[in-house]
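The values are calculated or read from the model by the stated rules, or taken from the named source; none is laboratory data. Since we're looking at a predicted model, the values are computed, not measured. No Cβ is skipped: glycine too gets one built from the backbone with ideal geometry, and neighbour counts run over all protein chains shown. Areas reflect the complete protein model, heavy atoms only, side chains present, ligands, DNA and RNA absent. Shrake-Rupley method; radii C 1.70, N 1.55, O 1.52, S 1.80 Å.
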Amino acid sequence: MTTQTTDSTASALELPAPDDTMTWLGDRSRGSLERAREMVRSLKADPPSDALAVLRAWNDVEIEVSNARASAAVYSETNPEKDVREAADVTMQQVDEFATDLGLDGELFEIFDALSSEGLDPTAARLLGRQLRDFRRSGVDRDETTRARLRELAQLELRASQEFGRNMREGARSIRVRPEDLAGMPADWLSSHEPDDDGLITVSTDYPDSVPVGTFCSVPATRRAISLERLNIAWPANDEVLQRLLTLRAEHAGLLGYKDWADFTAETKMIRTGSAINEFIDKIVAASTDAAQRDKQIVLDRLRQDDPDAQDIYGYDLPYYSELVRKERFDVDAQLLRTFFRFDAVLQGLLAVTGRLFGLTWGPVPDAPVWSPDVAAYDVLRDGTRIGRIYLDLHPREGKYKHAAQFTLVEGVRGRQLPEGVLVCNFSRGLMEHSEVTTFFHEFGHLIHHIVGGAQDWVEFTGVATEWDFVEAPSQMLEEWAWDPTVLAEFAVDADGAVIPEALVRRMRTADDFGKGYLARTQMFYAALSVGIHQHRPEDLTTAVREAQQRYSVFPYIEHTHFQCAFGHLDGYSSGYYTYMWSLVIAKDMFSAFHAEDLFEPHVAARYRDRVLAPGGSKDAADLVADFLGRPYTFDAYAAWLAE
């Protein structure tokens, strides 16, 4: 890697020093919103007759709104100071209120509705059609009373969503156990968890604690205790918040003439209707059931070696016994694997692999202002020219977003502003599970999509702006590189300098395929829950969880747990959790274009970068995939993988 950068015509966003954050955040958001308001006033006072001129003026407005929203979203989820996070939440409410007002502005709608797409290039014509669609989905053509209620609902929904996320961020739990209750844990994990004055060790629900304990701890009571805490994060507070959010969404969809929220949100996705989501779930269930039951029985049989009276296997025992099966059947020891994946080496390896694959260079910017000492900034270069900047915020801390996601800091617009993105994860600082490595590749895939697709003329189509049920496909495909022996050999090295053996990597892949059937059924439980509660709005959400799990998962519900309260996707993805599996079907098909013996084939990698990632959302996702594969995508590659 190099620290040399060549500036493009747009400069990177200058973030504030910690002491200046509150002022900077207010100035940036207020300034952007005020400029947007003035632009709207000018557009309405003297609208151009030329469609392209109107679209360009509107693009200016959307850039300002995006800038105000993006920085507030990042600081809301990541800033170490609670008062900054709360101020960012307020800013988000102000931005959302303004955006809602725009969507319900009858004068603006009349300006757009009078335009003709004649003479526009295909992308501009697509933008005009998209804007007219979004105006109608906002309710601009409804009566004043309805528009007023839709405006109110939008604000109430945002506040409920913020409350839901805040309760999860601030609702981390923990258990305190004796050292002997952590038998089986890796030595490096134990060395970083010293007993307190009472002789007890604290285990938190954050991933670097709870995942290794669930996987390696040989004491059933400890595994069960931390699992119960994880499944009860934000209970009972978020149960009421989620019910309120479901009610608001249902009213919102009804006022716009939709059967339910699932139909409303599906309209803009590849799947199109809520009923099609249910059909897709049933299709995956049918394809995965035989493999799910077969592999579950293997894990249950292994549990019965330790507990002959076991009638079923619960979620708090599944990771541990799945790991034992992989170790004993496939000679894959996850504790041994961890010794090859030091966080620092994985990070450098990921940067090297993705740089080679996509023709990019990641240049560290050590003097860039950041919101926490944990955060690292990199300029992204292609052919010596800076095309964006990324920020990596990869370790847990109090008050921070608890899962893994890519956040937009700046939307890229060609010649005006470079794309900037933030990767927010919660990884260990030492040795990593291989599952964490694949998560790292996955989330980094979103970041690459944001940057590589961030050179659009229209902010509406920049970066990860495809249909929502496609956005996971590029990231899921990038996970494949985390399983390739040649790729892993570049950075998976133990403390003695020994490279991870190729034979071990191949056994890892075989072992990972074990359980994919029951994991697919589990994913369909999540998908059915997310769409079902939006279609049927059950009075008791915990009962809905139990019933969905009984129908779709092959593992039983754990009594006295309330999974829905910390299922963060019920906020951002709402009724659309199915998108992960829908995207995986497409990801498997796209990956089939790469040669198994050379995942760095230059012409294939370049074609994928330029035809799938670089266009952003300027084309329908199905067309992007067809441009890359030379044919429409099919279910075949996924079905073949599931049947292996």
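If you filter region 283-324 down to residues that are among the charged types (D, E, K, R), outside any helix (DSSP H, G or I) and within 20 Å of Gly184 (Cα to Cα), you find that the one that is farthest from the chain's Cα centre (by Cα) is Asp307. Considering (1) farther than 30 Å from Asp89 by Cα; (2) free of Cβ contacts under 8 Å to residues at least 12 places away in the same chain; (3) not β-branched (Val, Ile, Thr), the lone condition that Gly129 does not fulfil carries the number (2).
None of Ala473, Ala503 is in a helix (DSSP H, G or I), more than 19 Å from Phe594 (Cα to Cα) and either open to solvent by 20 Å² or more (accessible area, probe 1.4 Å) or modelled with pLDDT of 95 or more (or both) except Ala503.
Out of Leu200, Leu228, Leu246, which single residue is open to solvent by less than 20 Å² (accessible area, probe 1.4 Å) and modelled with pLDDT of 95 or more? Spell out the reasoning first.
Numbers: Leu200 fails: open to solvent by less than 20 Å² (accessible area, probe 1.4 Å); Leu228 fails: open to solvent by less than 20 Å² (accessible area, probe 1.4 Å).
Leu246 is the lone residue from the list that is open to solvent by less than 20 Å² (accessible area, probe 1.4 Å) and modelled with pLDDT of 95 or more.
Per the listing Val604, Val493, the residue uniquely touching a strand residue (DSSP E or B) at 6+ places or on another chain (Cβ under 9 Å) and open to solvent by 20 Å² or more (accessible area, probe 1.4 Å) is Val493.
Selection within region 170-192: residues that are part of a loop (DSSP other than H, G, I, E, B) and open to solvent by 30 Å² or more (accessible area, probe 1.4 Å). The member of this set that is farthest from Arg326 (Cα to Cα) is Glu170. Anything in region 203-225 that is open to solvent by 30 Å² or more (accessible area, probe 1.4 Å) and touching a Pro at 6+ places or on another chain (Cβ under 6 Å)? List them, or say none. The one that is open to solvent by 30 Å² or more (accessible area, probe 1.4 Å) and touching a Pro at 6+ places or on another chain (Cβ under 6 Å): Asp206. If you take the residues of region 557-582 that are open to solvent by 30 Å² or more (accessible area, probe 1.4 Å) and part of a helix (DSSP H, G or I), which of them is nearest to Arg249 (Cα to Cα)? By that ranking, first place goes to Asp571. Of all the residues in region 128-144, those that are open to solvent by 80 Å² or more (accessible area, probe 1.4 Å), part of a helix (DSSP H, G or I) and touching a Leu at 6+ places or on another chain (Cβ under 9 Å) number 1.
Only residues that are free of Cβ contacts under 8 Å to residues at least 60 places away in the same chain, under 18 Å from His595 (Cβ atoms) and part of a loop (DSSP other than H, G, I, E, B) were counted in region 476-500, giving 1. Close Cβ contacts (under 9 Å, 6 or more residues apart or on different chains) running from residues in region 596-608 that are in a helix (DSSP H, G or I) to residues that are open to solvent by 70 Å² or more (accessible area, probe 1.4 Å) and charged (D, E, K, R) comprise Ala605/Arg356. Being under 28 Å from the mean Cα position of the chain (by Cα) and open to solvent by less than 40 Å² (accessible area, probe 1.4 Å) is a property that Phe98 has.
Only one of the numbered conditions (1) in contact with a helix residue (DSSP H, G or I) (Cβ under 8 Å, 6 or more places away or on another chain); (2) assigned to a loop (DSSP other than H, G, I, E, B); (3) within 30 Å of Tyr207 (Cα to Cα) is violated by Val585, and that is (2). Pairs meeting the criteria (first residue in region 24-49 and closer than 19 Å to Leu115 by Cβ, second residue open to solvent by 60 Å² or more (accessible area, probe 1.4 Å), beta carbons under 8 Å, at least 6 apart or on different chains) are Lys44/Glu107. Of the residues screened, Arg159 is not one that is charged (D, E, K, R), closer than 27 Å to Val413 by Cβ and open to solvent by 30 Å² or more (accessible area, probe 1.4 Å).
Kindly check whether there is at least one residue in region 436-452 that is open to solvent by 20 Å² or more (accessible area, probe 1.4 Å), of a type in the set (S, T, N, Q) and in contact (Cβ under 8 Å) with a residue 60 or more places away in the chain. Within region 436-452, none of the residues are open to solvent by 20 Å² or more (accessible area, probe 1.4 Å), of a type in the set (S, T, N, Q) and in contact (Cβ under 8 Å) with a residue 60 or more places away in the chain. Within region 284-301, the set of residues being open to solvent by 30 Å² or more (accessible area, probe 1.4 Å) and farther than 29 Å from Ser583 by Cβ comprises Gln297, Asp301. Please work out if Ala125 is part of a helix (DSSP H, G or I) and under 24 Å from Leu409 (Cβ atoms). No: the conditions fail for Ala125. Within region 383-394, which residues are farther than 12 Å from Leu423 by Cβ and either β-branched (Val, Ile, Thr) or surrounded by fewer than 19 Cβ atoms within 10 Å (Cβ to Cβ) (or both)? Result: Asp383, Gly384, Thr385, Ile387. Considering only residues in region 524-552 that are within 30 Å of Arg302 (Cβ to Cβ) and open to solvent by 50 Å² or more (accessible area, probe 1.4 Å), the one that is nearest to the chain's Cα centre (by Cα) turns out to be Tyr526. The number of residues in region 467-488 being out of contact with any Gly (no Cβ under 6 Å at 6 or more places or on another chain), small (Gly, Ala, Ser) and under 19 Å from Met432 (Cβ atoms) comes to 1.
In region 333-346, which residues are buried (at least 19 other Cβ atoms within 10 Å of the Cβ) and in a helix (DSSP H, G or I)?
From region 333-346, those buried (at least 19 other Cβ atoms within 10 Å of the Cβ) are 334-335, 337-338, 340-342, 346; that's our starting set.
Within region 333-346, Ala334, Gln335, Leu337, Arg338, Val346 qualify.
Residues in region 402-424 that are in a loop (DSSP other than H, G, I, E, B), crowded, with 21+ Cβ neighbours inside 10 Å and in contact with a helix residue (DSSP H, G or I) (Cβ under 8 Å, 6 or more places away or on another chain): Lys402, Glu411, Gly412, Pro419.
From the list Thr408, Thr354, Thr385, pick out the single residue that is of a type in the set (Ser, Thr, Tyr), within 30 Å of Asp512 (Cβ to Cβ) and at pLDDT 95 or above.
Numbers: Thr408 fails: within 30 Å of Asp512 (Cβ to Cβ); Thr385 fails: within 30 Å of Asp512 (Cβ to Cβ).
When all the criteria are applied, what remains is Thr354.
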